[in-house]
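Data block below; observations after.
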Amino acid sequence: MRALIIEDEIRNANKLTRLLQSIDSQIEVITVLESVKESVAWLKQSEAPDLIFMDIRLEDGLCFEIFEEIDIQVPVIFTTSYDEYALKAFKVNSIDYIMKPVQEEDLERALNKFKSRQVVPSFTDSIKDILGHLHKKEVTHRSRFLIPYKDGFKTVKVEDVDFIYSEPITS
């Protein structure tokens with residue numbers, strides 16, 4: 001997992017990095033950013049991380065200014081000394097709100113919460129991907145396929161498919 005830390009106090013950033021490594025050695029802290037301006041610039045030009053750890057008050061303003069500049073789709077775990085921003089934090093992509101000093105138990109709970117919310121691609125998503133490739137004609141040898149229909153099957157042209165509905169398979 002690739003993590004980004006946005007924290008203006010280097011001691012806190014180092015402690016958070018150490019705690020993350022002690023909880024899960026697979027977590028890679030890709031960088032530490034110290035300001036709103038630096039964070040906006042980095043997020044605009046870099047590949048999105050899997051998770052962001054974000055302090056509220058940074059050296060040049062509140063972290064919420066970052067959300068005003070960029071549409072952040074990445075889950076965020078806030079780490080801060082200020083409880084008055086909790087409500088505002090949960091209006092963005094917040095997974096958790098950890099009060100400083102960050103304790104290992106709190107951080108581990110937040111990481112478990114993040115991991116439990118990871119989306120597993122569904123069967124329907126896989127079908128959508130396949131149809132997307134077929135619509136793009138990347139697979140040129142298949143322009144039709146059979147689907148179950150009433151007591152038999154029906155031939156359907158790929159370009160005629162706009163929507164797929166799938167019911168869960170129960171055993």
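Once backbone amide H atoms are built at 1.01 Å from N, F53 has L4, I5, I6, I77 as its partners under 5 Å, excluding neighbours fewer than 5 places away on the same chain.
Near D60, the amide H atoms lying under 5 Å from its own belong to V36; only residues 5 or more places off or on other chains count, and H is placed 1.01 Å from N.
Every number in this text was worked out from the coordinates using simple rules, so none of it is lab data. Given the structure is predicted, the values throughout are model-derived calculations rather than measurements.
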